[in-house]
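FYI, it's all coordinate maths here, none of it is from the lab. Bear in mind that the values here come from a model prediction, so they are computed numbers and not experimental data. Note that we place each Cβ from the backbone using ideal geometry, even for glycine, and neighbour counts take in every protein chain shown.
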């Protein structure tokens with residue numbers, strides 16, 4: 001189970017009991033999705049690492065209701081006017097491909113590695129069929145007219 005740790009707090013008691021009763025269930029609760037992106041290294045700079053390592057030195061409680069909102073603000077500011085532009089409304093496709101995706105998954109440790117393996121297996125299993133179906137060429141997908 002993967003959830004936004006900052007937003008998930010009230011549910012933690014029930015999830016802890018659920019996971020304790022089912023050892024096959026893992027729980028990954030990062031501070032926020034924005035924190036994972038910032039921690040991934042796709043946005044260069046020692047300043048970001050310093051902020052993540054010492055967040056309490058950078059967050060003004062009067063300005064931000066939560067660390068999640070702080071990390072969202074930081075990510076939006078750091079990526080504006082770049083190909084990595086981040087908004088809460090819609091995930092930029094740059095985060096779903098190539099080096100950026102690999103870096104974000106790597107920041108998630110074992111959970112990210114598992115997700116990457118599952119994605120690769122799904123691509124191997126479904127890739128050719130999906131590409132044929134979406135290419136508009138019915139003959140490639142086995143549907144002859």
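Quick one: order 61, 103 by neighbouring beta-carbon count within 10 Å, fewest to most.
Fewest-to-most ranking of 61, 103: 61, 103.
How big is the equivalent ellipsoid of the stretch 1-71 along its three axes, where each semi-axis is √(5λ) from the Cα gyration tensor, reported in whole Å from largest to smallest?
In descending order the semi-axes read 27, 16, 8 Å.
Arranged from highest to lowest average of other beta-carbon atoms within 10 Å per residue, in what order do the peptides 46-58, 72-84 appear?
With the highest mean Cβ count within 10 Å placed first, the list reads 72-84, 46-58.
With the contact rule set at Cα under 8 Å and sequence spacing of 6 or more, what percent relative contact order holds for the stretch 10-84?
Working: 29 pairs, mean separation 22.4, N = 75.
With pairs under 8 Å counted, the relative contact order is 30 percent.
Where does helix 98-107 land angle-wise versus the long Cα axis of the chain, in degrees 0 to 90, nearest 10?
50 degrees
Could you tell me the relative contact order of the stretch 33-134? Use alpha-carbon pairs under 8 Å, at least six residues apart, and round to a whole percent.
Numbers: 63 pairs, mean separation 27.7, N = 102.
It rounds to 27 percent for the stretch 33-134.
What is the angle, in °, between the Cα long axis of helix 110-135 and the longest principal axis of the Cα atoms in the chain? Nearest 10 is fine, range 0 to 90.
30 degrees
Calculate the length of the line joining the C-alpha centroid of the stretch 1-48 to that of the stretch 52-96, in whole Å.
16 Å
Where in the stretch 1-15 does the amide nitrogen come within less than 17 Å of the point 7 Å from the Cα of residue 118, taken along Cα to Cβ?
Output list for this probe position: 1-5.
Give the angle, between 0 and 90 degrees and rounded to the nearest 10, that separates the Cα long axis of helix 67-79 from the longest principal axis of the Cα atoms of the chain.
60 degrees
Take the eigenvalues of the Cα gyration tensor for the chain, scale each by 5, and report the square roots as semi-axes in whole Å, largest first.
Square roots of five times the eigenvalues give 34, 23, 13 Å.
Let's test this: bin the Cα-Cα distances of the stretch 1-41 at 10 Å from zero up to the farthest pair and state each bin's percent.
Distribution as computed: 28, 47, 22, 3 percent.
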